[in-house]
1. Across region 5-17, what is the number of residues that are closer than 19 Å to G55 by Cα and open to solvent by 40 Å² or more (accessible area, probe 1.4 Å)?
2. I'd like the full set of residues that are aliphatic (A, V, I, L, M), more than 14 Å from the chain's Cα centre (by Cα) and either farther than 27 Å from R201 by Cα or open to solvent by less than 70 Å² (accessible area, probe 1.4 Å) (or both), limited to region 74-100.
3. For region 18-38, name all the residues that are open to solvent by 10 Å² or more (accessible area, probe 1.4 Å), farther than 22 Å from Y127 by Cβ, hydrophobic (A, V, I, L, M, F, W, C) and touching a Gly at 6+ places or on another chain (Cβ under 8 Å).
4. Could you give me the residue pairs with C-beta distances under 6 Å whose first residue belongs to region 55-73 and is in contact (Cβ under 8 Å) with a residue 60 or more places away in the chain and buried (at least 18 other Cβ atoms within 10 Å of the Cβ), whose second residue is in a helix (DSSP H, G or I) and hydrophobic (A, V, I, L, M, F, W, C) wherever it lies, and which are 6+ apart or on separate chains?
5. Can you name every residue in region 148-164 that is surrounded by fewer than 24 Cβ atoms within 10 Å (Cβ to Cβ), in contact (Cβ under 8 Å) with a residue 24 or more places away in the chain and closer than 10 Å to L96 by Cβ?
6. Restricting attention to region 165-179, does a residue exist that is modelled with pLDDT under 95, part of a helix (DSSP H, G or I) and either at positive phi or of a type in the set (V, I, T) (or both)?
Amino acid sequence: MCGSATADLLAGAGITAVGVACAARVRRVRDLPLAALPLLLGAHQIVEAMVWSAGGGGGPATVAWAVIALPLLAVWVPAGVWCAAPARARRGLGCLLAVGVVTAAGLTYGLAAGPVTAEIRGHTIGYATDLPRPTLLVVGYLLATVGSLLLSGDRRLLVLGIFVAAGALICWTLWRLEFVSTWCAFAAVCSVLLLGWVRDRPAPR
């Protein structure tokens, strides 16, 4: 999320452009899911611009934002890392992918069972929905997404995982203070780091 609809649109367009560059530079098919992550993040920003324009509420844009942010990313990130990881790291990553799938199932149930609402709070948007066992779902989400990057067996993805862990904490703190949302800048930096990862990947033999 960004601080306004315009900021979300600009960030979404920029992140999507990085995603196109990532996908175009892929030399291994198994790297494509992770390389395409900026495309999803860019789409996420554009969807939130629609939430801003709608004044929040519980419309289709709000639901789409929540679906991308919660169950979809909980599976996409560990699946992408598993595909790109060396064989020696895949067993542990398979466990984290399973955690992501179970977590996504719980998140999907929560989104389907209860209303999802968005409220504009100054320069941030607050999203709310009723989730079963929220603490357990948050732990599972972090294990699947951040954990998979940290255990990827790839130095650049390890750096990305550390950045994601630290950046998520900063974004969450600023959002809780209702000061300003920094997620769009965070997503942009993550996308650039992924572009560097794609460029440095060795060509297939």
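1. 3
2. A84, A85, A89, L93, L96, L97, A98, V99
3. Correct list: V18, A36.
4. From residues that are in contact (Cβ under 8 Å) with a residue 60 or more places away in the chain and buried (at least 18 other Cβ atoms within 10 Å of the Cβ), the pairs are T62/V51; W65/V47; W65/V51; A66/L111; L70/L107.
5. Passing the criteria: only L151.
6. Yes, some residue in region 165-179 is modelled with pLDDT under 95, part of a helix (DSSP H, G or I) and either at positive phi or of a type in the set (V, I, T) (or both).
The values are calculated or read from the model by the stated rules, or taken from the named source; none is laboratory data. Remember, it's a predicted structure, so these values are computed and weren't measured experimentally. With ideal geometry, Cβ positions are generated from the backbone for all residues, glycine too; neighbour counts draw on all protein chains shown. To get the accessible areas, we keep the full protein, side chains included, count just its heavy atoms, and leave off ligands, DNA and RNA. Shrake-Rupley method; radii C 1.70, N 1.55, O 1.52, S 1.80 Å.
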